[in-house]
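The values are calculated or read from the model by the stated rules, or taken from the named source; none is laboratory data. From a predicted model like this one, the values you see are computed outputs, not experimental measurements. Note that each Cβ is placed from the backbone with ideal geometry, even for glycine, and that neighbours are counted across all protein chains shown.
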Amino acid sequence: MTELVTGTGEPAPAPAATQPGAEPSVARVSQWADIRHRFFANKLAVVGLAIIVVLVLTALLAPVLAPYDPLKQDLTATLQAPGGKHLLGTDALGRDQLSRLIYGSRIAVVVGLASILVALTIGIVLGALAGYFGRWVDTVIMRAADIFFAFPLLIGSIVIILLMGRGVLPVVLSLGIFQWATFARLLRSQILSVREMDFVHAARALGAGRSRIIRKHILPNSVTSVLVYGTSNVGIAIVAEASLSYLGVGVDPEVAEWGNMISAGRGFMGVKDFMWTYPSLAIVITALGFILLGNGLRDALDPKLR
Amino acid sequence: MTSLETAPANAGPDGTAPLLEVRDLHVEFKVRDSVTKAVNGVNYSVNAGETLAVLGESGSGKSVTAQAIMGILDSPPGRITKGQIFFQGQDILSLPENERRKLRGARMAMIFQDALSSLNPVLSVGFQLGEMFRAHQGLTRKEAKAKAIELMDRVRIPAARQRVNDYPHQFSGGMRQRIMIAMALALEPDLIIADEPTTALDVTVQAQVMDLLAELQREYNMGLILITHDLGVVADVADKIAVMYAGRIVETAPVHELYKRPAHPYTRGLLDSIPRLDQKGQELYAIKGLPPNLQQIPPGCAFNPRCAQARDICRTDVPALVPVTGEDGTELPGRASACHFWKETLRG
Amino acid sequence: MAELSKDSGHTDAMPNVSEVEVVDASSETEAVAAVEAPVQRGEPILQVRDLVKHFPLTRGILFKRQIGAVRAVDGVSFDLHQGETLGIVGESGCGKSTVAKLLMNLERPTAGQIFYKGQDITRLSGRALKAVRRNIQMVFQDPYTSLNPRMTVGDIIGEPFDIHPEAAPKGDRRKRVQELLDVVGLNPEYINRYPHQFSGGQRQRIGIARGLALNPEIIICDEPVSALDVSVQAQVINLMERLQDEFNLSYIFIAHDLSIVRHISDRVGVMYLGRIAEIGTDEQIYEHPTHPYTQALLSAVPVPDPEAREHRERIILTGDVPSPANPPSGCRFRTRCWKAQDKCAQEVPLLAVPERFKGTDSPAAHESACHFAEEKDVVHAA
């Protein structure tokens, strides 16, 4: 396609443009149809989407899917190998591993999505302020971002959790607070490039006000990449959340949660490996799912890859 | 299209084989489920010391043809589906990749439009120029640097000795394009392909660079393929012209003849649509419609939807590139047209 | 012209400017069709006086300090009359695009005034500025970045009505947008399509339709066809000429392509390093240039006529354009000029009718900023 891009700059028009008078209503959805087509043409993206759909369904239907109560101890059947009545075996307290794994997906989905939502909200607001206003606003926000950036995610989160106490909410907030800086930076750089594009100049030349320019022109053209990046980062947040639990500073150790399960299997490494391999696998597959989904969305939405 | 019979005379001035000859070249780009037919049967040839201008708009296939000659086509998605390219009598498309790599730089070289992105920003220009000698001739670092300075002098970069260690961004656009020319000339190739070499430059600098290129070409007796969309640049430097449209050559002619009496409606339309510097014109002639979509090239003559003279046959039959004859029926040397009604166009 | 006399630095030059305008207008009457002539005589619709824009060069991240300035525009004055096209040509870095941004109030000038119908628009803000914007619109160079990719064509062309609701009642807007599409030669049914579904030439038409929406009097065109294919350029140029007649528009047409500028312009200004080197009617500039830079520029244009290459005089300039951050003293062109003498380094040549041509009706009697201005035809074969 080099000819099409290196020439005087006029690629061949899209096929639709050459057929005069096509159905307007069809044309309106075609941009999304185009994106959908590109997304579903990408096999890895579809795999990622499938993983996430399965994960979310599992979390929603956990009470239906789980064969046992994940918290119910059965001291007559502890540390049973997979198979028989317990498909994935039981832990040291005789709790059904499969049920705990299924219920664990709820924590993963909730904490993963909620913490990224917190991070995106902070990141988008601050990034937009920095990118649009520039000058000292930019300097202050970006230096603050540098400070948050310098903290390793887990260390920073542990500090907050130590201050707030354990639980789902502190985990969500702490992971959110230590991830916003990436999104703010990304949005800021997007805004800086979009702000100089001619369609923004054109809107200003028409007399459009600040808020209209941000709402209609700058954000729609800069925020998608941040949202897409956020999708990929849900996986990272889930890994971080499980790590916190594994380290004993995440959710309550009683709760059916993947990090807790790995932690419970820690003492049985090499002896009862099924205790930690299944939850580990769940974490890896989930994180991979979000990353594949994010990459697929990025490629589908990026006009440069057309 | 049985292009071998219909192609214009291929022999050089003394009857020997031309320096470069492209025969019936076809190139496709396959992206997902769509096929872009970028080049659809191109024939042209260049002799030593001759300048062939390949004129076309974006999407005409002029650059893709050049990339196929150089062997730098992005493949995939690009693929040569048919045709041969003879360079000094040898079919280079049948050569293994390592043989072709030896040709590139040493015997054929290319100059691109955007010199800034063609040069590596983290290496000094002296190093990049010298690298040619170190890679191809095994010179030492010091010898290579001396050669680099010599080259920079040759393309008239002022204070070459002081500037040899500067980085690309420290040079102006015109100077960077000189460096690109120096790099292309380093190993004294027999053929240079220049793809829009002056398009990104200002008019006054453009003239300097074009003059330099033409002068060096004469000095080294190289063949030059000049790819451009600018009818003015072509008129200034070319010996002969091949006009491309939708991946085909629609007309070839010696430069004077083409401007005086075009034999294809597209060429004529182009000439009529550009305003003149030396007179205040009336309303411009505008070729109607849009440049072709290479995924859906119209049947028959690709230009027919935009052609004022199109008739039924133009919508069904692809016109072959046939020799153009004068009033008395003798072939006009070097002239050919791919129009069913070239006679009307030439004489009308 | 009341405001102008306040401007102390330029009072001497001002009467000359207005005199020349009269001379221009009368010579134009003969050159151009008689219909256009009366238009030329009126009060200029736009007057630009001593426009300056310096972009500060700063160093440091937290504590910025200024280490210099890019003098992108450094004292530019010209008039634009109703219904006229003023072409501005020059090479990259000459400041022509900055002039466009200043005229559009997208940048605030460092100094100087822009009078629209006698009102200095550089001092306006808020509601008053918004009102002026309805009358001055712009067409951009790059058809790929000048349209918001996430808006439909209808939303893009209709946006002016959202911003200026008084321009069209809500119920009429869709119809107005479709009319505008029709006016620029696009199918009105394309209203719901997105920019990426169009070719470059079609996108440029969409940009023109947006510029026309508010019925402006002036359109600033910044390289409107340079990104288009040759065969499409002519379509867009013809469209712009038709619209000018139809809506009595005044154009400022900024471009680097001298042939296109000649074709479309009534008067032409040649810019070099932030200043106007020479300005006059298209005939004065192209057939009777007196500034060496104009002559060199014209002689360097490759002409699509191989016969001409042997016969035309070519002035090949040496070197590159100096940096606008550090322009030469005196005449800015002197470092590349074959006529340069000591005087050129010391005295800034004013943009005025050269002494030797003053009072003559020679076409060489137009404003030229050269100490040694003399006429030379470079576009015709010798």
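There is no residue in the range B:322-338 that is assigned to a loop (DSSP other than H, G, I, E, B), touching a helix residue (DSSP H, G or I) at 6+ places or on another chain (Cβ under 8 Å) and touching a residue at least 40 places away in the same chain (Cβ under 8 Å).
Of all residues in the range C:198-220, those that are out of contact with any Asp or Glu (no Cβ under 9 Å at 6 or more places or on another chain), of a type in the set (A, V, I, L, M, F, W, C), at the interface with another protein chain (Cβ under 10 Å from one of its Cβ atoms) and under 13 Å from C:R133 (Cβ atoms) total 2. Does B:G247 count as more than 9 Å from chain C (Cβ to nearest Cβ), crowded, with 20+ Cβ neighbours inside 10 Å and either touching a Ser or Thr at 6+ places or on another chain (Cβ under 6 Å) or not acidic (D, E) (or both)? Criteria met by B:G247. Residue count for the range B:43-71 satisfying the condition of being under 15 Å from B:L25 (Cα atoms), part of a loop (DSSP other than H, G, I, E, B) and within 11 Å of another protein chain (Cβ to nearest Cβ): 2.
Scanning the range B:293-321 for residues that are surrounded by 14 or more Cβ atoms within 10 Å (Cβ to Cβ), among the β-branched types (V, I, T) and either within 14 Å of another protein chain (Cβ to nearest Cβ) or not in a loop (DSSP other than H, G, I, E, B) (or both) returns a single hit, B:I297. Out of the residues in the range B:24-56 meeting the condition of being farther than 15 Å from B:A253 by Cα and among the small types (G, A, S), tell me which one is surrounded by the most Cβ atoms within 10 Å (Cβ to Cβ). Looking at the filtered set, the residue picked out is B:A38. Do you know which of the residues in the range B:277-306 that are under 24 Å from C:D305 (Cα atoms) and of a type in the set (G, A, S) is nearest to the chain's Cα centre (by Cα)? So the residue we want is B:A286. Scanning the range A:249-268 for residues that are part of a loop (DSSP other than H, G, I, E, B) and loosely packed, with under 12 Cβ neighbours inside 10 Å yields a total of 2.
Looking across the range C:265-319, the residues that are assigned to a helix (DSSP H, G or I), over 25 Å from C:L80 (Cα atoms) and within 11 Å of another protein chain (Cβ to nearest Cβ) come down to C:A296, C:S299, C:A300, C:P306, C:E307, C:A308, C:R309, C:E310. Please tell me if B:Y220 is among the aromatic types (F, W, Y) and more than 25 Å from B:P121 (Cα to Cα). The answer is yes for B:Y220.
Listed residues B:L290, B:L271; which is within 25 Å of C:R242 (Cα to Cα), within 13 Å of chain C (Cβ to nearest Cβ), assigned to a loop (DSSP other than H, G, I, E, B) and not small (G, A, S)?
Values: B:L271 fails: assigned to a loop (DSSP other than H, G, I, E, B).
None of the other options fit; the residue is B:L290.
With a requirement of 3 or more residues that are under 24 Å from A:R210 (Cα atoms), the helices (runs of 4 or more DSSP H) lying completely within the range C:92-191 that satisfy it span C:96-103, C:126-133, C:153-163. When you check B:T252 against the structure, is it polar (S, T, N, Q), free of Cβ contacts under 8 Å to residues at least 40 places away in the same chain and closer than 23 Å to B:L52 by Cβ, yes or no? No.
Condition check ((1) aromatic (F, W, Y); (2) under 18 Å from the mean Cα position of the chain (by Cα)) across all residues:
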position	(1), (2)
B:E57	no, yes
B:A68	no, yes
B:F86	yes, yes
B:Q90	no, no
B:P96	no, no
B:V125	no, no
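Which one is surrounded by the fewest Cβ atoms within 10 Å (Cβ to Cβ) among residues in the range C:221-240 that are under 20 Å from C:Q137 (Cβ atoms) and at the interface with another protein chain (Cβ under 7 Å from one of its Cβ atoms)? Filtering first and then ranking leaves C:N238. Of all residue pairs spaced 6 or more apart or on separate chains, those with beta-carbon atoms under 6 Å, a first member in the range B:198-210 that is in contact (Cβ under 8 Å) with a residue 60 or more places away in the chain and a second member that is crowded, with 22+ Cβ neighbours inside 10 Å are B:T199/B:Q113; B:A200/B:Q113. Taking the range C:304-334, which residues are free of Cβ contacts under 8 Å to residues at least 24 places away in the same chain and of a type in the set (A, V, I, L, M, F, W, C)? The answer is C:I316, C:L317.
The number of residues in the range B:106-135 that are free of Cβ contacts under 8 Å to residues at least 60 places away in the same chain and not aromatic (F, W, Y) comes to 15.
Could you grab me the full set of residues in the range C:82-99 that are at the interface with another protein chain (Cβ under 10 Å from one of its Cβ atoms) and not β-branched (V, I, T)?
At the first step, the residues of the range C:82-99 found to be at the interface with another protein chain (Cβ under 10 Å from one of its Cβ atoms) are C:89-94.
Those that are at the interface with another protein chain (Cβ under 10 Å from one of its Cβ atoms) and not β-branched (V, I, T): C:G90, C:E91, C:S92, C:G93, C:C94.
Considered as a group, the residues in the range C:54-111 that are among the acidic types (D, E) and over 21 Å from C:G330 (Cα atoms) include one that is surrounded by the fewest Cβ atoms within 10 Å (Cβ to Cβ), and that residue is C:E107.
Of all residues in the range B:140-169, those satisfying the criterion of being over 21 Å from B:M108 (Cβ atoms) and in a loop (DSSP other than H, G, I, E, B) are B:T140, B:R156, B:I157, B:P158, B:A159, B:V164, B:N165, B:D166, B:Y167. If B:D272 satisfies every condition in (1) buried (at least 19 other Cβ atoms within 10 Å of the Cβ); (2) under 27 Å from B:D239 (Cα atoms); (3) touching a Phe, Trp or Tyr at 6+ places or on another chain (Cβ under 9 Å); (4) not hydrophobic (A, V, I, L, M, F, W, C) but one, which is the exception? Just one mismatch for B:D272, condition (1). All of (1) more than 27 Å from B:L294 (Cα to Cα); (2) in contact (Cβ under 8 Å) with a residue 60 or more places away in the chain; (3) crowded, with 16+ Cβ neighbours inside 10 Å hold for B:G89 with one exception: (3).
Every residue, every condition in (1) out of contact with any Gly (no Cβ under 6 Å at 6 or more places or on another chain); (2) away from every other protein chain (no Cβ under 14 Å); (3) within 20 Å of B:I69 (Cα to Cα); (4) among the β-branched types (V, I, T), yes or no:
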position: B:A109; (1), (2), (3), (4): yes, yes, yes, no
position: B:S117; (1), (2), (3), (4): yes, no, no, no
position: B:V122; (1), (2), (3), (4): yes, yes, no, yes
position: B:Q137; (1), (2), (3), (4): yes, yes, no, no
position: B:R141; (1), (2), (3), (4): yes, yes, no, no
position: B:E150; (1), (2), (3), (4): yes, yes, no, no
position: B:P158; (1), (2), (3), (4): yes, no, no, no
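For B:Y266, the requirement of being at the interface with another protein chain (Cβ under 9 Å from one of its Cβ atoms) and surrounded by fewer than 22 Cβ atoms within 10 Å (Cβ to Cβ) is not met.
Can you confirm whether C:P216 is in contact with a Pro (Cβ under 9 Å, 6 or more places away or on another chain) and in a loop (DSSP other than H, G, I, E, B)? No: the conditions fail for C:P216. One residue stands out in the range A:38-78 among those that are in contact with a Lys or Arg (Cβ under 8 Å, 6 or more places away or on another chain), under 14 Å from A:L93 (Cα atoms) and not basic (K, R): the one that is modelled with the lowest pLDDT, namely A:A77.
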